[in-house]
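Colleague: Handing you a structure now.
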Amino acid sequence: MELTLMRVTFSKEIPGLGEKIKALRKASPKSLTELAAEAGISTPHWHRVENEKIQELPIETLRSIEKALGAELGIET
């Protein structure tokens with residue numbers, strides 16, 4: 001029997017999320033390039049997240065950003 005995978009997503013508006021990420025990045029001893037690499041995203045994409053220029057941020061990407069920053073942003077799924 002073959003297993004089928006199902007992706008569960010959710011939608012939630014988080015005001016000021018980009019600013020929180022930016023503040024944590026600035027407080028981090030790591031460079032933007034290091035943080036983006038650890039999160040598995042490009043530096044331009046990281047800037048789009050901080051500037052809230054993207055409409056949707058997958059929860060997996062958010063968790064990767066949190067891990068790179070060594071912080072939790074308190075967003076429950």
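The values are calculated or read from the model by the stated rules, or taken from the named source; none is laboratory data. Just so we're clear, the structure is a prediction, and the values are computed from it rather than from any experiment. With ideal geometry, Cβ positions are generated from the backbone for all residues, glycine too; neighbour counts draw on all protein chains shown. Surface accessibility is based on the protein's heavy atoms, side chains included, excluding ligands, DNA and RNA. Shrake-Rupley method; radii C 1.70, N 1.55, O 1.52, S 1.80 Å.
Colleague: Filter segment 1-33 down to the residues that are out of contact with any helix residue (DSSP H, G or I) (no Cβ under 8 Å at 6 or more places or on another chain), more than 18 Å from E52 (Cα to Cα) and modelled with pLDDT of 95 or more, then identify the one that is least open to solvent (accessible area, probe 1.4 Å).
Modeller: S31
Colleague: Go through (1) assigned to a loop (DSSP other than H, G, I, E, B); (2) farther than 18 Å from K12 by Cβ and name the single condition L57 misses.
Modeller: Only one criterion in (1) assigned to a loop (DSSP other than H, G, I, E, B); (2) farther than 18 Å from K12 by Cβ is unmet by L57, namely (2).
Colleague: Do you know which of the residues in segment 60-77 that are of a type outside the set (V, I, T) and in a helix (DSSP H, G or I) is most open to solvent (accessible area, probe 1.4 Å)? Spell out the reasoning first.
Modeller: At the first step, the residues of segment 60-77 found to be of a type outside the set (V, I, T) are 60, 62-64, 66-74, 76.
Filter once more, keeping what is in a helix (DSSP H, G or I): 60, 62-64, 66-69.
Working: E60: 94, L62: 8, R63: 87, S64: 39, E66: 15, K67: 169, A68: 4, L69: 28 Å².
Among those residues, the one meeting the criterion is K67.
Colleague: I need every pair where a residue in segment 59-77 that is hydroxyl-bearing (S, T, Y) and modelled with pLDDT under 90 has its Cβ under 9 Å from the Cβ of a residue that is surrounded by fewer than 17 Cβ atoms within 10 Å (Cβ to Cβ) and in a helix (DSSP H, G or I), sequence separation at least 6 or different chains.
Modeller: From segment 59-77, the pairs are T77/I59.
Colleague: Related question: Applying the selection to segment 49-71, what residues are charged (D, E, K, R) and over 14 Å from E19 (Cβ atoms)?
Modeller: Within segment 49-71, E56, E60, R63, E66, K67 meet the criteria.
Colleague: Identify the residue in segment 34-57 that is small (G, A, S) and open to solvent by less than 60 Å² (accessible area, probe 1.4 Å) and, among all such residues, is farthest from the chain's Cα centre (by Cα).
Modeller: Narrowing segment 34-57 to residues small (G, A, S): 36-37, 39-40, 42.
Then keep just the ones that are open to solvent by less than 60 Å² (accessible area, probe 1.4 Å); that gives 36, 39, 42.
Numbers: A36: 9, A39: 7, S42: 12 Å.
Checked segment 34-57; the qualifying residue farthest from the chain's Cα centre (by Cα) is S42.
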